[in-house]
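Take a look at the structure set out below.
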Amino acid sequence: MLMSAGTTMAAGMAECAGSDISVPGASCIGFVSGNLNGNKPSITDINLNLAVWGVHLTQAVASTSMLSGLSGDNVINFSQQLYGDTIVGIHYGNVMDAQGNESNNVTAFYRFDAGNGAGVDSFTTRFDSLSNATLYSTGTAVTAVPEPGTYAMMFAGLGLMSLVARRRKQK
């Protein structure tokens, strides 16, 4: 577990796991004490924790990337498709890990591959004590690029259709 400078982990503090969220293959950093979800005062702590994943914020995260008021629901939906390498932070009020360790007011950061086809439109967390969540990064949809042979066939077909139309017009 990577802890930020000045953040201490109390004995028995819960540890997050990739399996805390419903996206297969997720990895996790945390639980880090406090609410570290993109607000300006926490940028230094966020950067210290996410440096291992190559994340470095230079300013607060845009409010459009933050969800608040999630209490009572364990569904995370950023109202956009997530694609490829995705990093999110989730603030929990109260969590208990698989070893029975309990923590309050903690943030966990999750990294997962949301895929390139359909992507991921929402996911769940096993904890229902959500407070807020932040989308730090996600990719874009990958669209298929036709092979050069496909273009050649398309142009040949258009040429053939043009030739047929011209002959019909002459008759």
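Read the figures in this text as sums done on the coordinates, not as results from a lab. Note that the structure is a prediction, hence the values are computed from the model and not measured. Every residue, glycine as well, gets a Cβ built from its backbone with ideal geometry; the counts of neighbours run over all protein chains shown.
The value of relative contact order for segment 17-63, using C-alpha pairs under 8 Å at least six residues apart, is 27 percent.
Sort 55-68, 125-138 for me by packing, meaning the mean count of neighbouring Cβ atoms within 10 Å per residue, highest on top. Intermediate values should be presented prior to the final figure.
Numbers: 55-68: 13.6, 125-138: 19.9.
Result, highest mean Cβ count within 10 Å first: 125-138, 55-68.
Working from Cα pairs under 8 Å separated by at least six residues, relative contact order for segment 12-171 is 30 percent.
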